[in-house]
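I have placed the structure first, in the form of structure tokens, so that the comments after it can refer back to it.
The values are calculated or read from the model by the stated rules, or taken from the named source; none is laboratory data. As the structure is a prediction and not an experimental result, all values here were calculated from the model. Here the Cβ is made from the backbone with ideal geometry for all residues, glycine too, and neighbour counts use every protein chain on show.
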Amino acid sequence: LLDVFVSIELTGQAVAFEQKFNYRRPMYEILEYLWKFDKHREQVKKLASYAEEHIDDAEAPLFLRFINLLMNDANFLLDEALTYMARLRADQEAKERGEWNEMPDKQRQELENTFQRTGRIARYMNIMGIKTLTIFDMITQEIKSIFCHPAICERLAAMLNYCLQHLVGPKRRNLKVRDLNEYLFDPPKLVAKVTDIYLNFSQYNQFCVAVSNDGMSYNEQLFPQAVEVLQRIQYPSERIDEFLQLGKRIKKVAAEQKEEEAAYDDAPDEYLDPITSILMSDPVMLPSSRKILDRTTIARHLL
């Protein structure tokens, strides 16, 4: 099943980008069903262990390719869902202000057709986005350490931070449209599922570091803002407490990282990764170009 999931990316057919999600959608249902059986769960765990042991191999192991694509899908679907919901809100506001009524019939009809199409796409992205997160949560309840590998952890943290920031931060106002149910957009369910995934990694320091290092979406207010939403949607109180503790731990790690970075502000350029401009922790010389990059940069590129 995982092999087929991965192979869809490499069919060589001229298939529309979005079409692959139609192919993968029934696989989620099958995977959820198989996950109920110990023997199948154990087999996936074996694949994960093998992938972690061989994560630096020239040919990426199957499970590594699977979770890489799963994260790619989650990133794309969630970003598209949020983008289309924001677009719907803007169109609804323009329509309610009467702007469309001032336009010629043909232009108004084109806007209406575009609005309907945007709604259909948003609905589809919302369905697939929450389904992908559900699978991600299911897997990471049992399989964790490979996701905390430097080649993967930063992308995982960035995905969760981005989604949470849009759902609980100031930008959440852009997502409020009429008839949320029509588009199957369920922000409370999304916030709860993203929180579940954060908590799956709450004991891993590598994950805390990756969350705090995300300069795009993480800030000290992110977790308190999320807690306010979690309390409103009646998320289990003991889980909220765990999430609060995780937020405090990440805040502490962020402060420590800032101090450490300040100490290396004057590091010579040859100690910095030429792509990320971050101090290298595991420098590797490429055999052909003889350039030196951090191992995690190379691993991300290979994925």
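State yes or no: is Asp3 under 18 Å from Ala151 (Cβ atoms) and either modelled with pLDDT under 90 or over 20 Å from the mean Cα position of the chain (by Cα) (or both)?
Numbers: under 18 Å from Ala151 (Cβ atoms): no; either modelled with pLDDT under 90 or over 20 Å from the mean Cα position of the chain (by Cα) (or both): yes.
No.
Any residue that is surrounded by fewer than 17 Cβ atoms within 10 Å (Cβ to Cβ) and under 16 Å from Lys189 (Cα atoms) - is there at least one of those in region 206-220?
Taking every residue of region 206-220 in turn, none turns out to be surrounded by fewer than 17 Cβ atoms within 10 Å (Cβ to Cβ) and under 16 Å from Lys189 (Cα atoms).
If the requirement is being closer than 27 Å to Asn161 by Cα, assigned by the TED database to the domain that holds Leu156 and not aromatic (Phe, Trp, Tyr), which of these qualifies: Leu64, Leu111?
Criteria check complete, one pass: Leu64.
Report the residue count in region 234-260 for those that are surrounded by 14 or more Cβ atoms within 10 Å (Cβ to Cβ) and assigned to a helix (DSSP H, G or I).
Just the residues of region 234-260 that are surrounded by 14 or more Cβ atoms within 10 Å (Cβ to Cβ), to begin with: 235, 239-240, 242-244, 246-247, 249-251, 253-254, 257.
Subset that is assigned to a helix (DSSP H, G or I): 239-240, 242-244, 246-247, 249-251, 253-254, 257.
Total meeting the criteria: 13.
Taking Tyr50 as meeting all but one of (1) over 22 Å from Thr132 (Cα atoms); (2) in a loop (DSSP other than H, G, I, E, B); (3) modelled with pLDDT of 95 or more, write down the number of the exception.
(2)
If you take the residues in region 91-103 that are surrounded by fewer than 12 Cβ atoms within 10 Å (Cβ to Cβ) and farther than 13 Å from Arg178 by Cβ, which one is nearest to the chain's Cα centre (by Cα)?
The residue in question is Arg97.
Residues are listed down the side, and each one gets a yes or a no for (1) of a type in the set (A, V, I, L, M); (2) in contact with an Asp or Glu (Cβ under 6 Å, 6 or more places away or on another chain); (3) part of a loop (DSSP other than H, G, I, E, B):
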residue	(1), (2), (3)
Gly98	no, no, yes
Asn101	no, no, no
Arg120	no, no, no
Met138	yes, no, no
Leu164	yes, no, no
Val177	yes, no, yes
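Out of Lys144, Lys131, Lys171, Lys106, which single residue is assigned by the TED database to the domain that holds Leu34, farther than 26 Å from Ile250 by Cα, in contact with a helix residue (DSSP H, G or I) (Cβ under 9 Å, 6 or more places away or on another chain) and not hydroxyl-bearing (Ser, Thr, Tyr)?
Criteria check complete, one pass: Lys131.
Quick check, is Leu111 more than 30 Å from Lys193 (Cα to Cα) and in contact (Cβ under 8 Å) with a residue 12 or more places away in the chain?
When the stated conditions are applied, Leu111 passes them.
Inside region 104-129, can you point out the residues that are loosely packed, with under 13 Cβ neighbours inside 10 Å, at pLDDT 90 or above and among the basic types (Lys, Arg)?
Listed by number, the residues that qualify are Arg117, Arg120.
Would you pick out the residues in region 190-222 that are acidic (Asp, Glu) and under 14 Å from the mean Cα position of the chain (by Cα)?
Those that are acidic (Asp, Glu) and under 14 Å from the mean Cα position of the chain (by Cα): Asp196, Asp214.
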